[in-house]
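Inspection log for the structure reproduced underneath, given as structure tokens.
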Amino acid sequence: MPNDDLEILKAGLISADRDAAVGAAQRLVDSGMDPKAILEDGMAVAMFDLGEMWKRGEVFLPEVVASAAIFKMCNEIVEPVLLAQRGPDDDAGVLVLLATVKGDLHDLGKNMVGAMLRTSGFEVTDLGKDVSADAIIEKINELQPAIIGLSALLTTTVPYQETVIKKLEAAGLRDRVKVMVGGAPVTPEWADKIGADGYANNAPEAVEIARKLTGLAQHA
Ligand code: B1M
């Protein structure tokens, strides 16, 4: 049976109806629904559908900007519940650096990946969006992360994931850090081609891949 509030949340995000979306997100959280499902099956799906409508010319940039702002408000309701699921004996201490690559301002998906990694016991330093390879290299030298995660949402910025890997090689850092890539236009074939260590299609998968890359046991 479809969950009415999940449908209201999706419709509210798509039509940029703040009260409907935020109200539904709160009710879903209060009902005890798994926050990962609210994010992946509700909020992420709505943004994908909105993107398809945008492509067809049914919505325009200002509406997408408004929906993205409402996504962030809903996220502020759901994410604390997700983070509260972190157990006391979760694998703490493995550092992941996250960034949306240079030229790209899309950060909603990267933020979801960060939240799910944190919930699963990873330490996450989020460098934000529009991040250059040089800034990433500086942070690798400073923080010595186990993994860097590169998000890209535009076909024009996906190639920058390769630029980062090449710059890591040139700086002699490639063997010191695993590289995970993701974002809607990114494919496993692309990840292989550029020599990334891992690719994830969504946030829960990113957690799985991060565990594999760092040799941590997989949770059920
Ligand atoms: Co933009 N945009 N956008 N946009 N936008 C897309 C990506 C687009 C596909 C829409 C479309 O045409 N259908 C299109 C790209 C087309 C292309 O490249 N061929 C597009 C365009 C064209 C643009 C602009 C150029 C528009 C313009 O200005 N004319 C512009 C570019 C700005 C820039 O970056 N320089 C632009 C701007 C924007 C907004 C600012 C309005 C807003 C972003 C707000 C923000 O992020 N703070 C926005 C939005 C919201 C979208 C869509 C509608 C939704 C993206 C999103 O947030 N999805 C998007 C349509 C689409 O993707 N189909 C679109 C929800 C999010 C939870 O999913 O980010 O895919 P996603 O993340 C997923 C997975 O991909 C994965 O896990 C997440 C959770 O499941 N994942 C990873 C993500 N990163 C990962 C990293 C990992 C692992 C997994 O490891 C490290």
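Data overview
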{"item": "Check on residue 210, closer than 25 Å to residue 87 by Cβ and assigned to a helix (DSSP H, G or I)", "result": "yes"}
{"item": "Residue among 47, 73 that is buried (at least 16 other Cβ atoms within 10 Å of the Cβ), modelled with pLDDT of 95 or more and under 22 Å from residue 7 (Cα atoms)", "result": "47"}
{"item": "Residue ranges of helices (runs of 4 or more DSSP H) in region 88-184 with at least 1 members under 24 Å from residue 72 (Cα atoms), among the hydrophobic types (A, V, I, L, M, F, W, C) and at pLDDT 95 or above", "result": "108-119"}
{"item": "Pairs where the first residue, in region 125-142, is under 15 Å from residue 98 (Cβ atoms) and the second is within 13 Å of the ligand (Cβ to nearest atom) and of a type in the set (Gly, Ala, Ser), C-beta under 7 Å, 6+ apart", "result": "126/114; 127/99; 128/99; 130/103; 131/99; 136/99"}
{"item": "Complete set of residues in region 64-86 that are touching a Ser or Thr at 6+ places or on another chain (Cβ under 9 Å) and either within 9 Å of the ligand (Cβ to nearest atom) or outside any helix (DSSP H, G or I) (or both)", "result": "67, 84, 85, 86"}
{"item": "Residue list for region 10-33, restricted to those being of a type in the set (A, V, I, L, M) and either in a helix (DSSP H, G or I) or over 14 Å from residue 73 (Cβ atoms) (or both)", "result": "11, 13, 14, 20, 21, 22, 24, 25, 28, 29, 33"}
{"item": "Cβ-Cβ under 6 Å pairs, at least 6 apart or on other chains, region 34-56 side part of a helix (DSSP H, G or I), far side modelled with pLDDT under 95 and among the charged types (D, E, K, R)", "result": "none"}
{"item": "Of all residues in region 185-195 being in a loop (DSSP other than H, G, I, E, B) and surrounded by fewer than 16 Cβ atoms within 10 Å (Cβ to Cβ), the one that is farthest from the ligand (Cβ to nearest atom)", "result": "195"}
{"item": "Cβ-Cβ under 7 Å pairs, at least 6 apart or on other chains, region 149-168 side closer than 14 Å to residue 129 by Cβ, far side of a type in the set (Asp, Glu)", "result": "152/104; 153/104; 154/104; 157/104"}
{"item": "From the options 198, 182, residue that is under 16 Å from residue 99 (Cβ atoms), near the ligand (Cβ under 9 Å from one of its atoms), in contact (Cβ under 8 Å) with a residue 60 or more places away in the chain and surrounded by 15 or more Cβ atoms within 10 Å (Cβ to Cβ)", "result": "182"}
{"item": "Selection status of residue 119, surrounded by 17 or more Cβ atoms within 10 Å (Cβ to Cβ), within 15 Å of the ligand (Cβ to nearest atom), over 12 Å from the mean Cα position of the chain (by Cα) and over 18 Å from residue 100 (Cα atoms)", "result": "yes"}
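Yes/no matrix, rows are residues, columns are (1) of a type in the set (Ser, Thr, Tyr); (2) within 19 Å of residue 206 (Cα to Cα); (3) in contact with a helix residue (DSSP H, G or I) (Cβ under 9 Å, 6 or more places away or on another chain); (4) near the ligand (Cβ under 10 Å from one of its atoms):
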residue	(1), (2), (3), (4)
127	no, yes, yes, no
134	no, no, yes, no
139	no, no, no, no
142	no, no, no, no
158	no, yes, yes, yes
167	no, no, yes, no
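The values are calculated or read from the model by the stated rules, or taken from the named source; none is laboratory data. Nothing here was measured: the structure is a model prediction, and the numbers come from that model. Don't worry about glycine lacking a Cβ; one is built from the backbone with ideal geometry, like all the others, and counts go over all protein chains shown.
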